[in-house]
Every structure is written in structure tokens, then in C-alpha cells.
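These notes concern the structure reproduced below.
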Amino acid sequence: MKYKWLLFDADNTLFDFTFSQRKALENSFDHYNLEYKKEIFDEFVKINFIIWSAYDRNEITHEEIKSERFSRLFSVFGVSGIDLNEFNDYFISQLILNSKLLDGAEEILTYLHGKTNVALITNGMKEVQRPRYEQCQLKHIFNKVFISGEMGISKPNFEYFRFVHEETGNFDKGEYLVVGDNLIADVKGGKDYGFHTCWYNIHNVSSEEFENADYVINSLNELIEIVN
Ligand SMILES: [Mg+2]
């Protein structure tokens, strides 16, 4: 194996987070007897993007995100009288319940198991990421898991990757390969730290920012050739 450590992003790299979010939102609206329509999910994705970008700039905390995202969503669709924190708790329970691996994830992780070390490097709330990881049927394959919400620092920060590096034996940086769908958090963050990087171009889009990627793949099984 060319690499001692493979560092996998979780959402939309190994786990189908788009699916989980849609199901969780649908089920939460249903649970509260609110009418659900497709536009609600589209708006939620937009709001999440804005809010998590604000989080990356340290303008909002994890705690504030929980109610703020639904406060904004409900104001767009004229929903009132819902306890935002309770709604958020229900939504999170549904996110965990509706966790699903992406195509090819189980195959590549099973292939790598025992041949090299594998870690999960994920940004997100500990209330979501930790239980989802604990109930994942492939949990035993991960040698380590790094959840930004537990660490107090997130990708693409240099310090996030330094922490991962130190906790995984501090091998030469060239012995690490970061695999992720996010060109900033995973690819630029990993590259800036000095790790090798692989962009999982899951939606087969063109981007000018892939210069930070040592490799680009469209499906996870392409990793087999890269690591051998
Ligand atoms: Mg991702």
C-alpha cells in the first residue's frame, strides 16, 4: 500500500448525506403535521450553506446553528408556533436513523481493511456524527474517527489536520491520503497541511479548483489503483 493512512471525509464521500437530510426533513415536517414540499428541502440546503459558511468564519456557534437554521426556514414558509430546539432534536434523531452509505463505500472500506489504516475525518455536530458512527455497520474498519464538533476545530483549518496527524502516529505527511468531496474543506485543507489529496468528484462537475488534488476520482473503487 502506498499510504499508511487513508483519511476519509464522511458526508457525501462515504455517507449519502443528501438522502439523510431529505428524509429527516420530510419526517420532521410530518411529525409536526406541517405540509412538506420539495421547495422546502431546496431552501434548507441554501440556508445550511449560508449558516455553515458563517460557522467557518466563526460568526456562529454549533449551538446557535441548531435553532437558527429552522428559524430561517420557517420564516420563509410562514410556519410559526414550533419549538425550534425540540424540532431540531427530532430532526437530528431522524438524520441518525436515516443514515445510508453511498454506492461503493462498503466495498472500498472492506478492501482496505487490514491492508492500511483508515480514519474518518468529518465536520459536523457531535450529536449527529458520533451516534451515526457508533451504529455504522462498518465501524470496526475505522482505526480512528475525528469529529470537528468534539474537537472544537474543523476542516480546512491547519490545526484540524495537525491534530489528526499527531493522533495517527505522525508519519511522514506523504504517507497520508485525504479523500473527500469538498474542494475546500478536504482537498485544499489537506493539501495546505502537506498531505496527499484525492477529490471525490461525486457529481462529475468541472471545477477550476481541483489543482489542489493529487488525484480526482468519480467512483470510490478508483481508489484501489491509486493506493497500490
Ligand atoms: Mg463531504
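The values are calculated or read from the model by the stated rules, or taken from the named source; none is laboratory data. Owing to the predicted nature of the structure, the values given are computational and were not obtained by experimental measurement. Every residue, glycine among them, receives a Cβ derived from its backbone with ideal geometry; neighbour counts consider all protein chains shown.
Could you please find all residues in the stretch 178-203 being among the acidic types (Asp, Glu) and buried (at least 21 other Cβ atoms within 10 Å of the Cβ)?
186
Return only the number of the condition from (1) more than 19 Å from the chain's Cα centre (by Cα); (2) surrounded by 13 or more Cβ atoms within 10 Å (Cβ to Cβ); (3) not aliphatic (A, V, I, L, M) that residue 207 does not satisfy.
It is condition (2) that residue 207 fails.
Can you tell me which residue among 27, 117, 98 is out of contact with any helix residue (DSSP H, G or I) (no Cβ under 9 Å at 6 or more places or on another chain), among the polar types (S, T, N, Q) and in contact (Cβ under 8 Å) with a residue 24 or more places away in the chain?
From the options 27, 117, 98, the qualifying one is 117.
Are any residues in the stretch 144-194 more than 16 Å from the ligand (Cβ to nearest atom) and in contact (Cβ under 8 Å) with a residue 40 or more places away in the chain, and if so, which ones?
168, 169, 171, 175, 176
Only one of these is surrounded by fewer than 15 Cβ atoms within 10 Å (Cβ to Cβ), assigned by TED's automatic domain parsing to the domain that holds residue 11 and of a type in the set (Ser, Thr, Tyr): 110, 116, 122. Name it.
Unique residue meeting the criteria: 110.
Of the conditions (1) away from the ligand (no atom under 16 Å from the Cβ); (2) on the phi < 0 side of the Ramachandran plot, residue 108 satisfies every one except a single condition; which number is it?
(1)
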